[in-house]
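Asks: One structure follows; several queries about it will come next.
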Amino acid sequence: MIRSAALFMLLLAPLAATAQVAEPDSYRMDNYRAPVPSTLTGATVVDTETAHTLWRRGDVAFIDVLPRPPKPANLPEGTIWREKPRHSIPGSMWLPNVGYGGIAQATDRYFRAGLDAATGGNTAHPLLFFCLQECWMSWNAAKRALEYGYDTVYWMPDGTDGWVFFDYPTEEIQPHP
């Protein structure tokens with residue numbers, strides 16, 4: 001009986017830990033791959049199936065904010081650099097590196113321009129932000145879009161990991177210029 005109770009508690013511990021992540025007052029500034037909160041004030045948090053329904057409707061701009069690794073400095077001459085392809089939700093716009101807690105002015109301008117392109121300049125146009133599962137980048141980006149004045153912001157915490165888990169389609173995408 002004691003072993004059963006101990007096993008039960010061991011199995012519940014990870015669930016309790018992930019359910020207790022508090023929504024911060026500001027942006028997450030480090031440790032971006034960690035459990036995320038279940039809320040984002042001002043946004044609608046959606047699960048993967050709901051995101052798929054929104055995707056099929058076709059009237060929501062899907063914004064992928066997965067960071068893009070930089071080309072390593074000082075590669076030996078003749079080294080071939082191959083960027084890892086990004087397989088994402090079809091039709092989504094990839095705006096890499098906009099989900100950090102603090103972003104440079106150039107990144108801020110890039111993010112605003114990308115959102116403008118995705119929405120045709122209409123802040124009422126719905127946006128859905130995602131990255132990977134347990135990735136604060138999409139949480140930060142969605143929070144920032146709300147601060148930019150976008151009215152309808154969705155956040156999908158499970159990102160492309162959840163999308164692939166449900167066997168929904170993906171395609172290789174390139175960063176928005």
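The values are calculated or read from the model by the stated rules, or taken from the named source; none is laboratory data. Predicted model only: the values in this text are computed from it and were never measured. Reconstructed Cβ throughout: ideal geometry from the backbone, glycine too, with neighbour counts over all protein chains shown. For accessibility, only protein heavy atoms count, side chains too; no ligands or nucleic acids. Shrake-Rupley method; radii C 1.70, N 1.55, O 1.52, S 1.80 Å.
Asks: Placing +1 at every Lys and Arg Cβ and -1 at every Asp and Glu Cβ, with all other atoms neutral, what dipole size does the chain have around its Cα centre, in debye to the nearest 20? Write out the running numbers ahead of the final one.
Replies: Details: 14 positive and 19 negative charges, 60 e Å.
Once rounded to the nearest 20, the dipole reads 280 debye.
Asks: Same structure, new question: Taking all protein chains in place and a 1.4 Å probe, what share, in percent, of the accessible surface of the chain do carbon and sulfur account for? Before the final figure, lay out each step's value.
Replies: Values: 5640 of 10250 Å².
Carbon with sulfur: 55 percent of the solvent-accessible area.
Asks: Based on DSSP H assignment, which helices of the chain show an axial Cα extent of at least 20 Å together with a mean Kyte-Doolittle hydropathy greater than or equal to -1.0?
Replies: Helix filter hits for the chain: 2-19, 105-119.
Asks: Something else about it: Can you check what the net charge comes to around SER138, using other residues whose Cβ is under 13 Å from the Cβ of SER138 (Lys, Arg +1; Asp, Glu -1)? It would help to have the intermediate numbers written out before the result.
Replies: Details: positive: ARG28, ARG33, LYS143, ARG144; negative: ASP64, GLU134, ASP158, ASP161.
That works out to 0.
Asks: Given a 1.4 Å probe, how much area per residue of the chain is accessible, in Å²? Show your work: numbers first, answer last.
Replies: Numbers: 10250 Å² over 177 residues.
Accessible area per residue, the chain: 58 Å².
Asks: So for the chain: antiparallel DSSP bridges make up what percent, rounded to the nearest 5? Write out the running numbers ahead of the final one.
Replies: On the way: 4 of 16 bridges.
Percentage antiparallel, nearest 5: 25.
Asks: How about the stretch 75-163: which trypsin sites (Lys or Arg not before Pro) there are in a DSSP loop, with at most 11 other Cβ atoms within 10 Å of their Cβ?
Replies: ARG82
Asks: At 1.4 Å probe size, put THR123, THR53, THR48 in order of accessible surface, largest to smallest.
Replies: On the way: THR123 60, THR53 85, THR48 5 Å².
The ranking, largest first, comes out as THR53, THR123, THR48.
Asks: Using a 1.4 angstrom probe on the protein heavy atoms only, could you order PHE166, PHE130 from most to least accessible area? Before the final figure, lay out the partial values.
Replies: Numbers: PHE166 85, PHE130 0 Å².
Sorted by accessible area, descending: PHE166, PHE130.
Asks: Let me ask something else about it. Calculated from DSSP H runs of 4 or more alone, at -39500 (n - 2.57) each and per residue, what is the 222 nm mean residue ellipticity of the chain, nearest 500?
Replies: Details: 5 runs with 62 residues, N = 177.
Rounded to the nearest 500, it is -11000 deg cm²/dmol.
Asks: Using only protein heavy atoms and a 1.4 Å probe, report how much of VAL36 is accessible, in Å² to the nearest 10.
Replies: 20 Å²
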